[in-house]
Structure formats: structure tokens, C-alpha cells
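Enquirer: Please see the structure below; I have some questions.
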Amino acid sequence: MTRLLIVRSVLACLIIAIGARGAPAHITPPVVLVSDRDAVAGLLTGARRFFVREFRLSPEDRRSVQQQSGWTPDEDFYRFYLGRDGDGRLTGAMVFVTDYTVHGPVRVAVGLAPDGKIRGATIVEVTEETYTWIKPLIDQDFTRDYVGQDSHGKFGLPERLTRARLESMPQFYASVVGGLMQRAAILYDVGIKQKGAA
């Protein structure tokens, strides 16, 4: 009887250990906050015509991004939406960027001026779980604190959010979104601005 109990206990421990080790990040259903169409229209205000510019990061582009920021892009392929006025002049660009956190993906649309400075950003999609942490940030329109910065700017936690004494998870997601905005500016520099693709 004791031997049977020991065997069952060992098997139970093994099953729990194997199950815990192989468990993926817990991801809850997505919450779409803004449609892609509305994000493009909202971040490219003033544009009369819209174009898509797609580019694939070359090995040299990847090295350039890595050297500039320490970030290694997750993807090789990016799609920018370019807005032009009635005379064909570039009014701005916009790109969707995503970070895959342990609580699920955070997708942000980032608008950029022709010179590569941030025009604005919209949090497009999160998960049900992360929404509770991101909602206070959205309510404070915190992405406006990054407007006017280029790829070399400071994208850490904005001073007013530091003063607001947010809990740790909203602070974490503020830094995630700030990092995504900087990545968008870096991608614009490398894929559009430096290549004269605008």
C-alpha cells in the first residue's frame, strides 16, 4: 500500500513538473480598441491620398537598427502607410508595431512626420488582461508626451506618469508602448528616410 502511494505521488509530481515547464504564456482574448482604418486616417490627418510602402529589412538594416537601439526586430517585413497632400508632398507616415509580452500582444499604430518625428500614436489592440493595465494610460492620453521626438529621443516613462504613482503593471505597459513608438521611428529612419523611399 505504501509503495503504491509513493509511486502515485512521484507520477503526480512528474506530471505537474512536465506540465508547468511546457505551459505557454497565458493569453486572453484580444480587445480591438481602434480599427486599422481609423488608426491610419487619424494619424495621417491632412493627407488627401494614401500609399503603402513595404520594405524588408536587409542584414545591413538589422545591424543598423541593433547598433542604434539595441533592439533586434522581430520581423523582416514592415508596411508603412504614407499620406500625401493634393500636390503629392509627403504629409506623414504610419506603421503598426507589436510587442509580444507574457500577457499577450500589444499593437500600436504610430504616426510620423516626414522628418521622422512622432506625430502621435494609438493603442490599437491588447488582450483582455492587459486592457485593465493600459486603460489608465489611455485615459491620460500618455502617448502625447512623446510627440515631437525622433528615433534618438527619450521614450522612458513620462514625468507626469511618474508623478501619478501608477501601479507597476501600468508603468510596465507604458514603457512597452513608449518602446514601440521608438521602434517605429527607427524603422522609419532605416526603411523610409535613409532609402529615400518617401
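The values are calculated or read from the model by the stated rules, or taken from the named source; none is laboratory data. This structure is a prediction, so every number in the text was calculated from the model and none was measured. Cβ atoms come from the backbone with ideal geometry, glycine included; neighbour counts cover every protein chain shown. SASA here: full protein model, heavy atoms, side chains in, ligands and nucleic acids out. Shrake-Rupley method; radii C 1.70, N 1.55, O 1.52, S 1.80 Å.
Enquirer: Would you mind telling me which numbered condition in (1) open to solvent by 20 Å² or more (accessible area, probe 1.4 Å); (2) farther than 17 Å from Lys193 by Cα Val108 fails?
Expert: With (1) open to solvent by 20 Å² or more (accessible area, probe 1.4 Å); (2) farther than 17 Å from Lys193 by Cα applied to Val108, the lone miss is (1).
Enquirer: Count, please, the residues in the range 99-129 that happen to be touching a helix residue (DSSP H, G or I) at 6+ places or on another chain (Cβ under 7 Å), farther than 21 Å from Asp139 by Cβ and aliphatic (A, V, I, L, M).
Expert: 1
Enquirer: Looking for whichever is within 14 Å of the chain's Cα centre (by Cα) and of a type in the set (S, T, N, Q) here; the options are Thr72, Thr162, Thr132. Which one fits?
Expert: Thr72
Enquirer: OK, next. What number of residues within the range 1-52 are open to solvent by less than 90 Å² (accessible area, probe 1.4 Å) and at pLDDT 80 or above?
Expert: Of the residues in that region, 19 qualify.
Enquirer: Now for a separate question. Taking the residues in the range 75-89 that are open to solvent by 20 Å² or more (accessible area, probe 1.4 Å) and in contact with a helix residue (DSSP H, G or I) (Cβ under 9 Å, 6 or more places away or on another chain) as candidates, determine which candidate is modelled with the highest pLDDT.
Expert: Tyr81
Enquirer: OK, next. Condition (residue is buried (at least 19 other Cβ atoms within 10 Å of the Cβ) and more than 26 Å from Ser35 (Cβ to Cβ)) applied to the range 141-155: is it met by at least one residue?
Expert: So far as the range 141-155 goes, yes, one or more of its residues are buried (at least 19 other Cβ atoms within 10 Å of the Cβ) and more than 26 Å from Ser35 (Cβ to Cβ).
Enquirer: Among the residues of the range 54-74 satisfying the criterion of being touching a residue at least 12 places away in the same chain (Cβ under 8 Å) and in a loop (DSSP other than H, G, I, E, B), which is surrounded by the fewest Cβ atoms within 10 Å (Cβ to Cβ)?
Expert: Here the residue is Asp74.
Enquirer: Kindly indicate the residue of the range 160-177 that is in a loop (DSSP other than H, G, I, E, B) and at negative phi and also surrounded by the fewest Cβ atoms within 10 Å (Cβ to Cβ) among those meeting that condition.
Expert: Of everything passing the filter in the range 160-177, Glu167 is surrounded by the fewest Cβ atoms within 10 Å (Cβ to Cβ).
Enquirer: Oh, and also: Among (1) open to solvent by less than 50 Å² (accessible area, probe 1.4 Å); (2) hydrophobic (A, V, I, L, M, F, W, C); (3) in contact (Cβ under 8 Å) with a residue 24 or more places away in the chain, which single condition is Ala113 missing?
Expert: It is condition (3) that Ala113 fails.
Enquirer: Which one of these does Lys135 not meet: (1) more than 16 Å from Leu43 (Cα to Cα); (2) of a type in the set (Lys, Arg); (3) crowded, with 18+ Cβ neighbours inside 10 Å?
Expert: Of everything listed in (1) more than 16 Å from Leu43 (Cα to Cα); (2) of a type in the set (Lys, Arg); (3) crowded, with 18+ Cβ neighbours inside 10 Å, Lys135 misses just condition (3).
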